[in-house]
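Below you'll find the structure, written out as structure tokens, and then a few comments.
Since every read-out is calculated from the coordinates, none of them should be taken as a lab result. Keep in mind that what you see is a predicted model, and the values were worked out from it rather than measured. Reconstructed Cβ throughout: ideal geometry from the backbone, glycine too, with neighbour counts over all protein chains shown.
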2 protein chains.
Amino acid sequence: MKNICLQTRRTELLNALDGQTAIIPAGLPVSRNFPANQYPFRASSHFLHCVGLNLPGAILVLDDQGACLYVQRPDADDALWHGARPTVREWSQALDIKTGYLDELVYHPKSMVLPAMDGQSNALLSAELNRPISGGRNDPVDDPLAQAMVASRLCHDQWAIDQLSRAAQVTAEAHELARDRLHAGLSCQAVWAAMLSYFQDHGMSYAYNPIITPAGEVLHQHDLRAQLRTGDMVLLDVGAETESGYAADVTRTWPVGQTMSPTQSAIHAVVSAAHKAAIELIKPGVEYRAIHRQACLTLVRGLCDLGLLIGNPMDLVEDNMHTLFFPHGVGHLLGLDVHDMEDLGDRAGYAPGRRRSELFGWSFLRLDRPLEHGMLVTVEPGFYQVDDLKRRFLNHPYKAQFVNWSELDAYSDVRGVRIEDDILVTADGWCNLSAPADDARMVKR
Amino acid sequence: MKNICLQTRRTELLNALDGQTAIIPAGLPVSRNFPANQYPFRASSHFLHCVGLNLPGAILVLDDQGACLYVQRPDADDALWHGARPTVREWSQALDIKTGYLDELVYHPKSMVLPAMDGQSNALLSAELNRPISGGRNDPVDDPLAQAMVASRLCHDQWAIDQLSRAAQVTAEAHELARDRLHAGLSCQAVWAAMLSYFQDHGMSYAYNPIITPAGEVLHQHDLRAQLRTGDMVLLDVGAETESGYAADVTRTWPVGQTMSPTQSAIHAVVSAAHKAAIELIKPGVEYRAIHRQACLTLVRGLCDLGLLIGNPMDLVEDNMHTLFFPHGVGHLLGLDVHDMEDLGDRAGYAPGRRRSELFGWSFLRLDRPLEHGMLVTVEPGFYQVDDLKRRFLNHPYKAQFVNWSELDAYSDVRGVRIEDDILVTADGWCNLSAPADDARMVKR
């Protein structure tokens with residue numbers, strides 16, 4: 001695979017490093033219940049961004065000599081157990097990159113490292129570099145390298161957009177397949193089986209553990225054991241991942257048996273309006289937090305129209321009343337990671353100098369940057385009835401007055417609704433990568 | 001789930017520990033590409049053996065106070081993000097075990113630990129116990145505890161047998177489903193999608209990364225990208241795992257399009273005869289290495305009959321000639337791990353005082369113990385044409401003479417054949433858990 005985009009990425013990173021040495025390990029397979037029984041290997045996203053292949057144990061080095069990919073040396077047992085491994089020469093020709101074997105790699109003590117997510121890789125590198133390599137969310141990483149990587153991955157090139165479009169399309173198709181199958185008595189596990197099978201038939205895997213649940217109000221409900229019942233609304237947050245690691249992230253909320261109750265239908269329409277209004281605001285230069293605010297405002301306006309909230313919508317958003325029903329952020333960056341570059345903390349999601357708000361709801365916003373051409377973001381407003389949150393608002397001396405609590409009781413068959421699409425920021429607007437192919441909203445402007 | 005078998009296991013382990021303290025952690029979820037994006041959690045098999053549930057982060061302590069399960073304390077965010085967690089009181093009632101929160105756990109400095117497979121859990125425990133906790137294949141573990149666990153897990157109780165039977169049956173059914181679908185143009189990935197979907201529809205996951213390949217001679221060929229072609233034999237080594245962690249491990253080799261060539265059919269019959277002869281020897285007291293030898297001998301006899309090997313079958317096995325076509329061991333222990341307790345090295349597979357042979361072929365035998373009532377073992381003879389091995393034998397001054405090399409050329413359409421079933425050692429014979437339900441070989445004696 002001679003991929004000109006990968007070469008360009010490496011060259012630009014090299015230039016940004018200004019002569020310093022960077023180590024970008026793919027990582028090692030992670031053991032499940034015993035050493036030889038491993039989870040399916042998935043290379044570090046930083047490595048995939050530069051090399052495009054899941055090569056266990058490989059390390060990319062960028063230094064004043066250029067880019068060099070170090071791979072495991074084939075050993076005598078390979079033929080019997082794993083099949084013959086390519087030689088460095090074969091790798092070099094296939095990937096158009098300088099290559100070497102890992103045992104030839106000499107570590108520069110001042111190298112910067114972007115750790116992989118597995119502890120074993122980091123421990124090995126720590127030992128070889130003779131200094132700690134961290135990998136956790138709040139750990140310090142080598143900042144100039146992290147910043148260079150954020151700059152390189154923030155806006156997607158053509159190859160990435162092709163991959164992300166394929167992931168989003170296959171994901172949208174799997175959601176439609178699931179919608180047509182929902183019926184009482186089906187388990188959420190069986191819905192997942194059908195969707196995963198569709199991904200695999202298209203040569204893809206999944207980007208994150210799925211949420212498929214009638215209990216949509218539990219935001220990270222990964223338990224798939226529930227059986228669907230007539231009257232349920234099912235929230236499906238499921239995304240494919242291409243072989244090269246690119247993710248989709250799509251949510252739909254559908255009724256079991258294809259008919260919503262009037263209350264379910266009303267709330268679904270409100271969330272859909274918020275989703276549409278937020279997307280339509282997207283273009284380069286617009287602040288993502290304005291997208292979030294637009295979703296909040298449209299949602300609150302709809303809930304006022306239904307008589308569930310009482311007051312002026314702008315004031316209600318100012319008072320953070322939307323968080324009663326919509327506590328999370330409206331979306332995030334999407335790319336090789338479903339929350340792209342979240343391993344680097346908020347370096348990617350937040351513009352330099354910005355920090356997360358401490359205000360409930362806004363504190364969960366994962367993205368606060370002006371949008372740029374080539375960014376891919378999710379837009380995913382929702383409506384949830386979380387008992388714990390309702391209690392907090394009901395008992396709040398000021399906030400309780402803005403809710404028509406008796407009217408809300410009539411909506412008890414709406415537990416959680418979310419609608420999420422993958423929106424590419426184009427030169428002068430947006431393109432919905434996860435819309436059905438015949439949907440007029442696919443390309444705007 | 002009040003499970004009397006789990007209680008008995010804990011009590012017997014407690015008795016075996018003779019007042020010493022044992023720590024058995026479930027382990028923590030392992031990150032995939034960023035901290036919040038994790039592989040599906042699977043608890044340590046030692047923990048599952050004693051508790052039966054996949055409880056992330058939980059720790060079982062066995063000491064002179066009895067058994068106590070420590071679980072994560074619910075926090076304020078649970079209701080919103082994960083749903084309400086059970087309290088210790090609820091866990092205690094559900095599992096009929098003494099419980100506490102992890103932050104109440106006081107570590108005994110001399111505790112013995114059975115590490116989980118993830119580095120993070122071990123690092124946390126190391127820090128708390130103030131001594132290194134290892135987890136690798138060759139690392140020392142706390143031996144009295146490891147030996148007690150081997151004794152507890154080696155022969156399966158009724159609940160384990162029920163679980164293992166379900167896993168084996170669903171696996172056998174998935175293999176038949178795959179067999180009926182194999183056709184030219186299908187990808188191995190699509191075959192896997194169908195089998196995994198069948199597991200998931202039955203509330204199960206998979207016990208190990210599947211092997212589904214026309215290149216059956218590569219023993220651990222996990223690449224699923226190949227497309228099936230007319231004339232291929234497909235080797236499928238695929239097993240389900242129940243929700244409580246019990247594994248199946250079944251291999252079938254089938255032709256694309258349901259007709260084998262005469263050469264494929266002849267070799268398949270030889271492997272099948274070896275499989276059958278090996279199984280029929282199984283009963284308590286028999287050495288597993290005799291099962292292995294029986295498979296080798298039957299295989300060699302069949303290959304002599306086909307004119308591929310030349311000589312007396314007993315002498316050929318003595319000369320290790322079977323390893324040209326059958327280099328691996330005939331099977332291994334099966335239970336919560338597909339290679340049961342392989343995280344403890346050869347403690348489980350090899351009787352005390354025994355060590356692996358250094359002889360090629362025999363060195364890969366994972367089990368060398370007298371069989372006991374309640375053990376579950378795989379029986380999986382095979383025939384492979386590995387170019388590298390053939391070269392070694394062809395160039396061997398003594399061994400080359402025993403092979404009819406020109407006759408062997410006629411068998412080039414047989415790359416790899418393996419047949420594997422999961423055989424329970426009964427009181428006076430065996431029971432094939434993975435045989436089709438209507439197969440007369442299901443129960444012997």
Say we join alpha carbon atoms closer than 10 Å with springs in a Gaussian network model of chain A; which of A:Ala116, A:Ala167, A:Ala226 then has the biggest fluctuation?
A:Ala226
Other chains' Cβ within 10 Å of B:210-220 residues: what's the mean?
2
Dipole check, chain B, charges on Cβ (K,R +1; D,E -1), about Cα centroid: among B:Trp362, B:Leu6, B:Ile419 the Cα furthest to the positive pole belongs to B:Trp362
Peptide B:188-201 - average C-beta neighbours from other chains (10 Å radius)
5
Chain A residue with Cβ closest to the axis mapping A onto B, distance in whole Å
A:Gly119, 2
Test item: Cα-centred dipole of the protein assembly as shown, Lys/Arg +1 and Asp/Glu -1 on Cβ, debye
0 debye
How far is A:Asp413 from itself in the other copies, in nm, if each label sits 7 Å out from Cα along the Cα-Cβ line, shortest first?
6.1
Potential extension, A:Glu318-A:Asp413 segment - 0.36 nm per residue separation minus Cα distance
31.4 nm
Within the range A:329-366, whose backbone N sits under 19 Å from a point 7 Å along Cα→Cβ of A:Lys283?
none
Burial-style ranking of A:192-205, A:369-382, average other-beta-carbon count within 10 Å with highest first, yields A:369-382, A:192-205
What is the sum of charges around B:Gln163, taking Lys and Arg as +1, Asp and Glu as -1, for the other residues whose C-beta is under 11 Å from the C-beta of B:Gln163?
-3
Inter-chain Cβ neighbour average for residues B:79-90, partner chain, 10 Å:
4
Cβ neighbours within 10 Å, averaged per peptide: list B:94-101, A:100-107 in order, most packed at the top.
B:94-101, A:100-107
Only Lys, Arg, Asp and Glu count, each charged at its Cβ (+1, +1, -1, -1), so figure out the dipole size of the range A:158-444 about its Cα centre, rounded to 20 debye.
540 debye
Rounded to 0.05, the calculated FRET efficiency for the beta carbons of B:Trp405 and B:Glu176 at R₀ = 45 Å is 0.75
Starting with the fewest neighbours, write out B:Ile24, A:Ile282, A:Ile4, A:Ile161 ranked by other beta-carbon atoms found within 10 Å of each beta-carbon.
A:Ile4, A:Ile161, A:Ile282, B:Ile24
Note down the net charge around A:Cys188, summing +1 for each Lys or Arg and -1 for each Asp or Glu among other residues with Cβ under 9 Å from its Cβ.
0
Could you work out [θ]222 nm for chain B from helices alone, using -39500 (n - 2.57) per DSSP H run of at least four and dividing by all its residues? Round to the nearest 500 deg cm²/dmol.
-10000 deg cm²/dmol
At 7 Å along the Cα-to-beta-carbon direction for both B:Asp143 and A:Ala127, put a label point, then send me their distance in nm to one decimal.
2.3 nm
Taking the label point 7 Å from Cα along the Cα-Cβ vector, the copy-to-copy distances for B:Arg181, listed from shortest in nm with one decimal, are 1.1
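If r is the Cβ-Cβ distance from B:Arg89 to B:Asp223 and R0 is 56 Å, what FRET efficiency results, to the nearest 0.05?
Numbers: r = 49 Å, r/R0 = 0.88.
Efficiency for this residue pair is about 0.70.
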Quick one: check the C-alpha center-to-center distance for the range A:374-423 versus the range A:180-194, whole angstrom.
26 Å
Any idea how far the Cα center of the range A:254-297 sits from the one of the range A:32-99, in Å?
43 Å
Placing unit charges on C-beta atoms (Lys and Arg positive, Asp and Glu negative, everything else neutral), compute the dipole magnitude of the range B:313-445 about its Cα centre in debye, rounded to 20.
320 debye
